[in-house]
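What follows is one structure encoded as structure tokens, with my remarks underneath.
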Amino acid sequence: MQVIDHCKGQPAKGESRNVLIESARIARGKVTELAKLTARDHDAVIFPGGFGAAKNLSTFAVDGKDCKVNGEVERVLKDFNKAGKPIGLCCISPVLVAKVLPGTEVTVGHEEEEGGRWPYAGTAGTIKAMGGKHRVKELALVTVFSLTIFHDAHVDTANKVVTTPAYMCETELHHIFDGIGTMVKHVLKMTGK
């Protein structure tokens, strides 16, 4: 698939990227190819979202419910699930586990666009069409009478899968950060360490 120039919102002509090199750049450190990731050697796995999850980790961006998940991603999800180890996913990446582990409960936020606040709400229906169970969750709720309602993530305790909407919602960046933080906290708690 093409590389997107996010300043212009369109394909960057003549540009290509290597996923492993880009991962190292973003992580600012040493990364290892996915083929070397095993449930035996790790306590949990977290998949970031973003368009890369929909076009590099799967064909979801093009094929929707009929997508194929990258073989290594599928192996990792199945191995961690079989080992009873937590899996975290945010933004669009819950579609990966919905496709690979049918019946898993996930969230990408709301099922209606609500005036543009949830522009990717249709993804919830696609998750259901793939065999997943979508749960409506807020990313940010309001403070009422000095009581702040937290930034939400959905926890499927039976499958040890934790998901949060992240950028599926048009909201302030700090709400996205807090929602991802909630997901990570739940994943870490599930490790029992």
* Structure fact -> Length gained if F177 through I21 is fully extended, taking 0.36 nm per residue and subtracting the Cα-Cα distance, is 53.7 nm
* Asked: Given labels modelled 7 Å from the Cα in the Cβ direction, how far is it in nm from D63 to K13?
  -> 3.1
* Asked: Each label point is 7 Å from the Cα along the Cα-to-Cβ direction; what then is the distance between the points at I4 and K78, in nm?
  -> 3.0
* segment 75-91 residues near the modelled E33 label - backbone nitrogen below 16 Å, point 7 Å along Cα→Cβ -> 75-76
* Asked: Among A27, C91, V108, whose Cα lies farthest out toward the positive end of the dipole of segment 1-157, if unit charges sit on the beta carbon of Lys, Arg (+1) and Asp, Glu (-1)?
  -> A27
* To do: Could you state the accessible area per residue of the chain in Å², with a 1.4 Å probe and every protein chain left in place?
  => 57
* Sort M190, M168 by accessible area with a 1.4 Å probe, largest first. => M190, M168
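Using 0.36 nm per residue of separation minus the Cα-Cα distance, give me the extension gain between E112 and T157 in nm, one decimal. Display every interim value, and only then the final one.
On the way: separation 45, 0.36 × 45 = 16.20 nm, distance 2.54 nm.
Length difference between fully extended and current span is 13.7 nm.
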* Could you state the number of Å between the C-alpha centres of segment 99-114 and segment 17-68? -> 19
* With only Lys, Arg, Asp and Glu charged, each at its Cβ (+1 for the first two, -1 for the last two), find how big the charge dipole of the chain is about the Cα centre; round to the nearest 20 debye. => 740
* Longest DSSP-loop-exposure-free segment, chymotrypsin sites (Phe, Trp or Tyr not before Pro), the chain, at most 14 other Cβ within 10 Å -> 1-144
* Structure fact -> With a 1.4 angstrom probe the carbon and sulfur portion of accessible area for the chain, in percent, totals 55
* Using a Gaussian network for the chain with springs between C-alpha atoms less than 10 Å apart, which of these wobbles most: V161, V69, V108? -> V69
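The values are calculated or read from the model by the stated rules, or taken from the named source; none is laboratory data. Predicted, not measured: the structure shown is a model, and the values here were computed from it. Heads up, the Cβs are rebuilt from the backbone with ideal geometry, glycines too, and the neighbour counts pull from every protein chain shown. When the accessible area is computed, the model is the full protein with side chains, heavy atoms only, and any ligands, DNA or RNA have been set aside. Shrake-Rupley method; radii C 1.70, N 1.55, O 1.52, S 1.80 Å.
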